[in-house]
Amino acid sequence: MNGGTCNDLVNDYNCTCPAGFEGKYCGNDTDDCYNNTCMNGGTCNDLVNDYNCTCPAGFEGKNCGNDTDDCYNNTCMNGGTCNDLVNDYNCTCPAGFEGKNCGNDTDDCYNNTCMNGGTCNDLVNDYNCTCPAGFEGKNCGNDTDDCYNNTCMNGGTCNDLVNDYNCTCPAGFEGKNCGNDTDDCYNNTCMNGGTCNDLVNDYNCTCPAGFEGKNCGNDTDDCYNNTCMNGGTCNDLVNDYNCTCPAGFEGKNCGNDTDDCYNNTCMNGGTCNDLVNDYNCTCPAGFEGKYCGNDRII
């Protein structure tokens with residue numbers, strides 16, 4: 001059968017069977033799987049003078065001895081390198097990518113926390129932080145130098161705060177940038193009607209007549225250049241003076257001889273002569289005495 005050739009023997013015959021057949025009559029299909037084991041768990045299928053293997057996933061070839069190239073139709077993305085496995089593959093992803101096919105951008109914000117309330121922005125293999133006002137740097141960890149563009153005036157010292165600054169002002173100045181002259185008159189009242197004049201870290205007072213000193217608290221010595229005459233005593237007043245005159249003198253500066261004749265009348269037609277703190281009378285004929293009140297005895 002099956003194309004075998006019959007060989008006549010003595011009272012017998014045999015068949016020379018073509019490849020793939022065996023048996024008395026070449027009627028049996030040779031088991032080609034007997035010595036041809038499929039590898040890696042493949043299943044052998046007997047054919048006529050041949051066999052094939054049904055290979056498990058991940059293997060191919062006559063005997064399932066070849067690992068299937070699982071990278072052939074499975075392209076790694078973003079420059080990833082494909083690694084062939086048994087019925088599988090994986091991708092070695094470049095920095096910044098992850099996932100089966102390297103198609104996912106790695107969350108670079110996962111372990112890179114922005115400080116001080118900053119917002120993390122995921123980039124490709126990197127991140128940056130949107131920092132709140134007052135902070136800067138890769139992770140918003142640096143306090144912004146708010147003094148950089150905010151100059152304190154008049155020798156003030158800038159103090160950096162969080163998103164702000166203040167100035168330590170020298171004496172005599174105040175305000176955000178020490179640009180305002182301090183009102184030194186605020187708590188420094190001039191006395192006796194004096195007018196306060198604000199200076200830089202100081203003040204002075206324009207004093208009314210009769211007063212002097214830092215706050216116009218001193219009565220001016222009006223006797224300093226106003227000498228009482230004839231032994232008079234000067235009495236200092238407010239913006240004035242008077243003189244206590246010795247007997248016989250009067251006037252602002254005791255410069256006038258008192259008219260001692262004013263209340264001392266000479267009698268009997270006598271003429272009064274004013275002296276210093278005194279007077280005498282020139283008596284007419286027939287009279288004598290202090291007041292000419294006595295008859296002269298001849």
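The values are calculated or read from the model by the stated rules, or taken from the named source; none is laboratory data. As the structure is a prediction and not an experimental result, all values here were calculated from the model. We place every Cβ from the backbone using ideal geometry, glycine too, and count neighbours over all the protein chains shown.
Hey, among Thr144, Thr113, Thr151, which residue is of a type in the set (Ser, Thr, Tyr), surrounded by fewer than 16 Cβ atoms within 10 Å (Cβ to Cβ), closer than 28 Å to Lys176 by Cβ and without any contact (Cβ under 8 Å) to a residue 40 or more places away in the chain?
Being of a type in the set (Ser, Thr, Tyr), surrounded by fewer than 16 Cβ atoms within 10 Å (Cβ to Cβ), closer than 28 Å to Lys176 by Cβ and without any contact (Cβ under 8 Å) to a residue 40 or more places away in the chain holds for just one of Thr144, Thr113, Thr151, which is Thr151.
Got a number for residues in the range 158-173 being over 30 Å from Pro132 (Cβ atoms) and not in a loop (DSSP other than H, G, I, E, B)?
Within the range 158-173, residues that are over 30 Å from Pro132 (Cβ atoms) and not in a loop (DSSP other than H, G, I, E, B) number 1.
Here is a check on your reading of the model: is Cys55 under 30 Å from Gly3 (Cα atoms) and in the same structural domain as Gly20 (by TED's automatic domain parsing)?
Judged against the criteria, Cys55 is not a match.
Residues that are β-branched (Val, Ile, Thr) and more than 30 Å from Asp257 (Cβ to Cβ): does the range 134-153 have at least one?
Step one: of the range 134-153, the residues β-branched (Val, Ile, Thr) are 144, 151.
Those left that are additionally more than 30 Å from Asp257 (Cβ to Cβ): 144, 151.
The answer is yes; a qualifying residue exists.
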